[in-house]
1. Got a sec? How would 17, 250 order by Cβ neighbour count within 10 Å, fewest to most?
2. Report the net charge of residues surrounding residue 84, where surrounding means a beta-carbon distance below 12 angstrom and charges are Lys +1, Arg +1, Asp -1, Glu -1.
3. Rg and Dmax of the stretch 237-303, Cα atoms, in Å?
4. Only counting other Cβ atoms within 10 Å, I'd like 233, 279, 156 sorted with the fewest neighbours first.
5. What shape does the stretch 113-226 take by its C-alpha gyration tensor, where a ≥ b ≥ c are the square roots of the eigenvalues and a/c under 1.5 counts as rounded, a/b above b/c as prolate, and the rest as oblate?
6. Considering Cα pairs under 8 angstrom that are at least six residues apart, work out the relative contact order of the stretch 7-115 and quote it in whole percent.
7. So for the pair residue 269, residue 11, with labels modelled 7 Å out along Cα→Cβ, what separation do we get in nm?
8. Suppose each label sits 7 Å from its Cα in the direction of the beta carbon; what would the residue 142-residue 198 distance come out to in nanometres?
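FYI, it's all coordinate maths here, none of it is from the lab. None of the values given here were measured: they were computed from a predicted structure. All Cβ positions, even for glycine, are placed from backbone atoms using ideal geometry, and neighbour counts span all protein chains on display.
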Amino acid sequence: MDFDLSEEHKMFQQAVRSFCEKEIAPLVDEAEATEIFPPGLFPKMGELGYICARYSAKYGAAELGKLSECILLEEVARISGGIASAVMVHSGLGTSMIADHGSEELKQKYLSPAIRGLKISAFGLTEANAGSDAANMQTKAVRSGDHYIINGTKIFITNGPYADFVCVAAYTDRSKGPGKGVSVFVVEKGTPGFTVSRKMEKLGNRSGGTAELVFDNCRVPASNLVGEEGKGFRYVMETLDGGRISHAGRSLGVAQAAYEASLKYASERVQFGQPIGKFQAIGFKLSRMATQLEAARWLTYYAAWMHDQKRRCLKEASMAKLFASEVVVDITSEAMEIHGGYGYMMDSPVQRYYRDARLYTITEGTSEIQHIVIGREIGAP
Ligand SMILES: Cc1cc2nc3c(=O)[nH]c(=O)nc-3n(C[C@H](O)[C@H](O)[C@H](O)COP(=O)(O)OP(=O)(O)OC[C@H]3O[C@@H](n4cnc5c(N)ncnc54)[C@H](O)[C@@H]3O)c2cc1C
């Protein structure tokens with residue numbers, strides 16, 4: 001057993017931390033205010049191999065493993081949960097179906113520029129009446145010669161307001177059910193019939209945009225079908241399974257930031273003639289936060305390590321996502337308590353951590369859905 005990160009991982013972590021502190025931190029305030037991912041950041045990260053990091057070097061990616069990807073998202077989220085969300089969706093959900101199942105043409109046209117940060121991606125699955133129950137989607141695509149005509153509306157789409165392309169799930173044959181009737185298409189910005197109908201304002205993770213997307217008789221070339229017709233739901237589920245570990249990595253970053261801020265504040269803030277951290281009540285909060293963070297980190301790294309060993313890790317990935325996302329909600333709430341009124345003020349980053357964290361038990365499979373997956377994996381009746 002070896003619980004140490006390799007020298008390579010440690011160097012990577014240091015390099016990413018330094019990049020995030022120098023290059024991302026100064027951009028956060030404006031991105032939070034405008035709800036627009038900082039323009040220019042994707043190409044900068046792309047140049048360093050910090051986005052779409054797991055893909056093949058053939059298309060320009062760094063070919064890093066899942067553990068490195070977790071470390072990367074943890075470091076980005078330590079500075080900004082919202083920026084990490086946009087990076088995570090672009091590096092995984094928005095591109096992975098093209099990387100894993102797309103034609104060479106789609107890889108050259110969309111994946112390669114996405115890896116360099118020159119094109120931004122989004123993932124269109126959720127609809128007004130199809131959230132956890134994604135199979136209830138109403139969006140459909142009908143073949144018409146060498147095109148498909150897509151009709152439907154997707155909501156809550158991360159990167160939606162400014163994405164250059166979206167991987168959209170739609171029924172091509174409802175009679176076959178989700179298992180054989182759903183397909184995935186790449187829809188490019190500017191395609192007639194595709195509009196960003198509204199930008200959706202959010203409680204947290206404001207450094208990345210979220211939108212509703214409408215497809216109204218939107219004609220896409222048949223060559224934009226990802227993989228095989230009818231296999232889309234399987235591709236979507238595979239994508240979401242792989243994304244859970246990355247999602248846990250992002251949760252760790254926000255939890256780490258809230259914990260570091262709390263430890264510092266508890267040493268500096270004096271009440272009743274002593275730093276508040278000396279009160280046992282506050283000291284216990286800090287030790288609990290540190291323990292939760294450590295446990296979440298090792299659960300996440302373990303799932304990532306299993307993934308890198310190409311071992312089956314559905315259960316471990318769901319456990320990591322479930323635990324890390326619940327821990328970050330707890331830790332950011334305790335951070336707010338420790339900071340008192342100052343944490344509640346908008347010029348304190350602590351209120352941002354608190355708002356950002358609240359999302360993480362909801363997206364990419366709610367906590368309840370993770371329990372269902374884990375229950376199935378452990379053979380619960
Ligand atoms: C900021 C943000 C960004 C997002 N980004 C994207 C994106 O980029 N692309 C995309 O496609 N989607 C995205 N989503 C959608 C997200 O994945 C869904 O919100 C999520 O899957 C939950 O669906 P829902 O909101 O419809 O909730 P619902 O599914 O309606 O769930 C409501 C409640 O019911 C519970 N519930 C539902 N079914 C069950 C069950 N079987 N057993 C027990 N409890 C159940 C849920 O756990 C939850 O507590 C985003 C959402 C948000 C908020």
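1. Values: 17 16, 250 31.
With the fewest neighbours first, 17, 250 line up as 17, 250.
2. Values: positive: 78, 250; negative: 69, 74, 75, 356.
Local charge sum for residue 84: -2.
3. 15.9, 56
4. 279, 156, 233
5. oblate
6. With pairs under 8 Å counted, the relative contact order is 28 percent.
7. According to this spin-label approximation, the distance is 4.1 nm.
8. Distance between the two pseudo-spin positions: 2.8 nm.
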